[in-house]
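Heads up: the structure comes next, in structure tokens.
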Amino acid sequence: MELHLEELLGQVTDFMKTEANADTVIGKEFQLGEFKCVPVIKVGMGFGSGGGEGSETKGKKGEGIGAGAGVGIEPLGFLVTRENEISFIEAGKAHGLAAAFEKVPDLIEKFAESRNKEVIAN
């Protein structure tokens with residue numbers, strides 16, 4: 001059995017590169033009424049590899065290699081824009097994405113209030 005540690009590491013590295021792209025780290029933008037929302041996500045990665053060979057006194061030889069990778073993704077919140085206003089809604093570790101979605105009605109209410117002020121002013 002011929003071992004190709006460099007090829008194995010290359011495959012693991014290529015996998016990691018595809019997982020750490022902008023869509024994974026930032027997320028895809030979506031529209032919520034007049035608000036543009038972009039999820040912000042933290043990505044952590046790690047990998048390791050090893051190999052070895054040995055022989056017994058009876059003349060038997062052995063060799064082996066191994067590699068592994070791990071990816072962790074944590075939602076941080078949403079970057080929310082409307083016209084010239086930019087806000088960041090934190091997801092929070094205690095509540096996850098549910099906390100961000102709980103704040104969406106507040107955003108809509110603020111938007112409605114500012115819209116009413118514009119209508120009254122005109």
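The values are calculated or read from the model by the stated rules, or taken from the named source; none is laboratory data. Fair warning: this is a prediction, and the values are worked out from it, not measured in the lab. Ideal geometry is used to build each Cβ from the backbone, glycine not excepted, and the neighbour counts take in all protein chains shown. In case anyone asks, the SASA skips ligands and DNA or RNA and just uses the protein heavy atoms, side chains included. Shrake-Rupley method; radii C 1.70, N 1.55, O 1.52, S 1.80 Å.
Which value, in Å² and to the nearest 10, is the accessible area of S87 when all protein chains are kept and the probe is 1.4 Å?
50 Å²
Report the Stokes-Einstein translational diffusion coefficient (µm² s⁻¹, integer) for region 31-95, Rh taken as the Kirkwood radius over Cα pairs, at 10 °C with viscosity 1.306 mPa s.
Here the translational diffusion coefficient equals 97 µm²/s.
Would you kindly find the accessible area of I86, with a 1.4 Å probe and non-protein molecules such as ligands, DNA and RNA excluded, rounding to the nearest 10 Å²?
Near enough 120 Å² of accessible area.
Can you work out the FRET efficiency for the pair R115 and F30, with r the C-beta to C-beta distance and R0 = 22 Å, to the nearest 0.05?
The value I calculate is 0.55.
Roll a 1.4 Å probe over the protein heavy atoms and report the accessible area of K28 in Å², nearest 10.
140 Å²
Could you sort R115, R82 by their accessible area in this structure, using a 1.4 Å probe and putting the largest first?
Solvent-accessible surface, decreasing: R115, R82.
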